[in-house]
Amino acid sequence: MSVNEEQQTGKDGALANAQWGGRFAGGPSAIMQDINASIGFDQALWRQDIAGSLAHAAMLARTGIISEADEAEIRRGLTEIGAEIAAGRFTFSTALEDIHMNIEARLSERIGEAGKRLHTARSRNDQVATDFRLWVRDAIDGLDAQAASLMRALSRRALEHADAPMPGFTHLQTAQPVTFGHHLMAYVEMLARDRGRLADTRRRLNECPLGSAALAGTSFPIDRRMTAAALGFDRPTANSLDAVSDRDFALEYLSALSILAMHLSRLSEEIVIWCSAPFSFVRLSDAFTTGSSIMPQKRNPDAAELVRAKIGRISGALVGLLTVMKGLPLAYAKDTQEDKEPVFAATDAAALSLAACDGMVRDLVPHTERMRTYAGSGFSTATDLADWLVRVLKLPFRTAHHVTGRLVGLAEKRGVDLADLTLEEMQAEEAGITAEIFSVLTVESSIASRTSEGGTAPANVRAQAARWLAALGEPAA
């Protein structure tokens, strides 16, 4: 009997699914079949579905619910089906709705009656909840490895440019000098939090729904702890109603991805700005830029722009699934079939964004002299002047702030930098100022003075970059 023969024809000539067709004399309408089927996207769960079924069959045999001979046949059949799918030889049937029924029907086709025993003491409700958790867990592991690679790339570039001055901005206005290395290390900290959120999500989702059955558990003497352990879960879920209807793990995962995508979008936005002609702080090679169909001189940072846009798709997936889950009564409802496509799409977008950012960070060439020039613009050492007045002359900071503000106004009126004012002009605003003031008004002295923990002093940056590289398994030297 073929998979297609596993379908029955009802009185209206439509195909009914033999997996649940005993209750139904007729088949679904074409519209019902289209809206109901999920095999077009949930076939991505095939590895997890086979793994869950193997663990379930082993438990059924261990507890005496099925024979060891049947379990051996099920194991053989599922292994062969896995090889078929991996090789692209498996024919997926829309009439069989989803990945679970497609595999189960093919199993019965291959091994006969033993295959029909596999679904004992489980439901598609706990089956899909288990498969989906396994898939998200695998996705988290993959994205975590990508995020760690990007952190290594950022830390390596930061170590290379721990001494390279650049303007630090607030409101995208020059604020104080920092180093390019310090700026890059800020994203390492963001990614570390992203990895922490993904790890937290993984820890919370790592409970096994299998054995919850449709919603109430099962009367068979199953061993849920055995299947949980076999699948790498920490424990079984505690409540069968919650287990089959919970999608918190998917929502939390999408939330973590949304924050990650936001961080990558911020990095990409800065790369776009830095590549623009008015800034020209960095250059990307042909590997991560494109040209214009009409303007031959253009080098567009399209990779960065596209990463910047992915946040819309990823955060949209979160909002979409929140809306699906809102107001659903316990326990399972077909609405939750809408959970997988946004999660799959968001995962693909996040993985591609991480890969693109990793490539761009390794590829970009900083124009350090240009950054150094602009690091001193906009009176960026004004705070250093105010700090000197507090530290040396013991002025209250607010008083020092006002004195410095007046000196900035004078320099701006004259069209010069603070360091170009004469000592007499400074003393006219504050008599106690000495020639020592000029030693704190250079970009290098400003950066070197920021030695507080987490500050931009080059020694700090080198230490932080080396610490992260060591933590990420890459020697700094």
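The values are calculated or read from the model by the stated rules, or taken from the named source; none is laboratory data. Computed from a predicted structure; not experimentally measured. Ideal geometry is used to build each Cβ from the backbone, glycine not excepted, and the neighbour counts take in all protein chains shown. Surface areas here come from the heavy atoms of the whole protein model, side chains and all, with no ligands, DNA or RNA. Shrake-Rupley method; radii C 1.70, N 1.55, O 1.52, S 1.80 Å.
Under 14 Å Cα to Cα from Lys413, which aspartates and glutamates show up? Leave out anything in the same chain fewer than 8 places away.
Glu425
Take each uninterrupted DSSP H stretch in the chain, measure its Cα extent along the helix axis, and return the ones at 30 Å or beyond whose mean Kyte-Doolittle hydropathy is at least 0.5. Kindly include the intermediate steps, with their values, before the conclusion.
Details: long enough: 124-160 (54 Å, -0.35); 180-205 (38 Å, -0.59); 248-275 (40 Å, 0.93); 302-325 (35 Å, 0.97); 340-363 (34 Å, 0.41).
What comes out of the filter, once short or polar helices are dropped, is 248-275, 302-325.
Going from most exposed to least, what order do Phe169, Phe41, Phe180 have by accessible area with a 1.4 Å probe? Walk me through the intermediate numbers first.
Values: Phe169 60, Phe41 40, Phe180 0 Å².
The most accessible residue leads, giving Phe169, Phe41, Phe180.
So if I average 1/r over every pair of distinct C-alpha atoms in region 414-477 and take the inverse, what Kirkwood radius in Å does that give? Write down the numbers at each step before the final one.
Working: mean 1/r = 0.0688 Å⁻¹.
About 14.5 Å, per the Kirkwood formula over Cα pairs.
Taking the radius of gyration and the Kirkwood hydrodynamic radius from Cα positions alone, what is the Rg/Rh ratio for region 23-73, to two decimal places? Can you show the working numbers first?
Details: Rg = 16.4 Å, Rh = 13.7 Å.
The Rg/Rh ratio comes out at 1.20.
Tally Lys and Arg at +1 and Asp and Glu at -1 over the other residues with C-beta under 14 Å from the C-beta of Leu172: what net charge comes out? Don't jump to the answer; show the numbers that get you there.
On the way: positive: Arg266; negative: Glu269, Glu270.
Once all neighbours under 14 Å are counted, the net charge is -1.
Between Ser292, Gln173, Ile81, whose Cα lies farthest towards the positive end of the dipole of the chain when Lys and Arg beta carbons carry +1 and Asp and Glu beta carbons carry -1, centred on the Cα centre?
Farthest towards the positive end: Gln173.
Tell me which aspartates and glutamates have Cα within less than 16 Å of Lys326's Cα, excluding those fewer than 8 residues away on the same chain?
Result set, ordered by chain and number: Asp242, Asp246, Asp248, Glu252, Asp335, Glu338, Asp339.
Once label points are set 7 Å from the Cα along Cα→Cβ at both Ala463 and Leu172, what is their separation, rounded to one decimal in nm?
3.5
Check the straight Cα-Cα distances from Lys298 and name the aspartates and glutamates below 17 Å, setting aside those fewer than 8 residues away within the same chain.
Counting by Cα, and skipping residues close in sequence, Lys298 has these aspartates and glutamates nearby: Asp286.
Expressed in nm to one decimal, what extension gain is obtained for the pair Ala277 and Thr399 from 0.36 nm per residue of sequence separation less their Cα-Cα distance?
Values: separation 122, 0.36 × 122 = 43.92 nm, distance 3.95 nm.
Net length gain for the segment: 40.0 nm.
Would you mind putting 218-229, 338-349 in packing order, based on average other-beta-carbon counts within 10 Å, highest first?
On the way: 218-229: 17.1, 338-349: 20.0.
Output ranking for 218-229, 338-349: 338-349, 218-229.
Output the relative contact order of the chain, whole-number percent, from Cα pairs under 8 angstrom with separation of 6+ residues. Walk me through the numbers before you get to the answer.
Working: 717 pairs, mean separation 76.3, N = 477.
It comes to 16 percent, rounded to a whole number.
How much length, in nm to one decimal, is gained on full extension between Ala333 and Arg89, taken as 0.36 nm per residue of separation minus their Cα-Cα distance? List each step's numbers first, then the result.
Numbers: separation 244, 0.36 × 244 = 87.84 nm, distance 3.23 nm.
Computed gain between Ala333 and Arg89 is 84.6 nm.
Which of the peptides 187-199, 350-362, 84-96 is most tightly packed, and how do the rest follow, going by the mean number of other Cβ atoms within 10 Å of each residue? Spell out each step's value before the answer.
Details: 187-199: 18.2, 350-362: 21.2, 84-96: 15.2.
Final packing ranking: 350-362, 187-199, 84-96.
Taking amide H positions as placed in the peptide plane 1.01 Å from N, state which residues far from Val282 in sequence (5 or more) or on other chains have amide H under 5 Å from it.
Counting only residues 5 or more places away or on other chains, the set is Cys275, His367.
Given 0.36 nm per residue, what is the gain on full extension from Thr323 to Ala238 after removing their alpha carbon distance, in nm? Please report the intermediate quantities before stating the final value.
On the way: separation 85, 0.36 × 85 = 30.60 nm, distance 2.56 nm.
Stretched out fully, the Thr323 to Ala238 stretch lengthens by 28.0 nm.
Using only the alpha carbons of region 319-402, what is the convex hull's orientation-averaged projected area in square nanometres? Write out the running numbers ahead of the final one.
Working: hull surface 50.4 nm².
About 12.6 nm², averaged over all directions.
From the C-alpha gyration tensor of region 90-156, pull out the three semi-axes of the equivalent ellipsoid (sqrt of 5λ each), sorted largest to smallest, in whole Å. It would help to have the intermediate numbers written out before the result.
On the way: eigenvalues 284, 35, 21 Å².
So the equivalent ellipsoid measures 38, 13, 10 Å along its semi-axes.
For region 259-305, which whole percent of the accessible surface, found with a 1.4 angstrom probe, sits on carbon and sulfur atoms? The partial results should precede the final answer.
Details: 1330 of 2330 Å².
The computed percentage sits at 57.
Rg over Rh of region 154-266, using C-alpha atoms and the Kirkwood radius, what does it come to? Walk me through the numbers before you get to the answer.
Details: Rg = 22.4 Å, Rh = 17.6 Å.
For region 154-266, the value is 1.28.
Would you mind putting 323-331, 373-381, 151-159 in packing order, based on average other-beta-carbon counts within 10 Å, highest first?
Descending mean neighbour count gives 151-159, 373-381, 323-331.
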